[in-house]
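Taking it in order: structure first as structure tokens, then the write-up.
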Amino acid sequence: MKILVEKKGFEEGMIYHLERKTTIGRESTNSVQILDPKVSRNHAEITLKEDGSYVIKDLESANGTYLNGSPVPPVTEKVLRLGDEIMLGSTVFRFEESGQGEEEQMSIKITSEGTERPTTMDLSSEKRELSQQECSHITNPSWNYCPLCGKRLK
């Protein structure tokens, strides 16, 4: 299974499992919601092709999609290779293979105001949902959306 690892952005270190069709953008209806204000509501799409390859397509976003530093022309599919870097707004992802025997649920640590708290999130569903605890809305005052549940804060 292929994954996206957020290398730089609001949820650095977050891992997203790719589906047959994965949409990326600010809107909560996307498979991967990004809280970056430079990302369009419906920014890009990654699709699994019949031959097993994955392709990325920019959905005519305002700030463009970049693959390894080169712009992806709108509505043009570009094949992804392991290790590729994808930049949407100021958020950077790396396209990778998931680890052997990796569980569908992964533990991550969310740091806010100097505190760390383990949170288990179900990353296999279309929308990220907290599976063991409610969102406590520990956020940065400048954020418009909660990084835990995606709810609008302002």
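Some notes on this structure:
- Residues (open to solvent by 80 Å² or more (accessible area, probe 1.4 Å) and either touching a residue at least 60 places away in the same chain (Cβ under 8 Å) or at negative phi (or both)) located in region 43-62: Glu50, Asp51, Ala62
- Hey, Val75 among the β-branched types (Val, Ile, Thr) and closer than 18 Å to Tyr16 by Cβ or not: no
- The single condition among (1) modelled with pLDDT under 95; (2) open to solvent by 80 Å² or more (accessible area, probe 1.4 Å); (3) under 15 Å from Glu96 (Cα atoms) that Val75 does not satisfy is (3).
- Selection of region 5-30 for residues being without any contact (Cβ under 8 Å) to a residue 40 or more places away in the chain, in a strand (DSSP E or B) and among the β-branched types (Val, Ile, Thr) yields Thr22, Thr23.
The values are calculated or read from the model by the stated rules, or taken from the named source; none is laboratory data. Keep in mind that this is a model prediction, so the values were computed, not measured. Methodologically, a virtual Cβ is constructed for each residue, glycine included, from the backbone with ideal geometry; neighbour enumeration extends over all protein chains shown. Please note that ligands, DNA and RNA were not included when accessible areas were found on the heavy atoms of the full protein model with its side chains. Shrake-Rupley method; radii C 1.70, N 1.55, O 1.52, S 1.80 Å.
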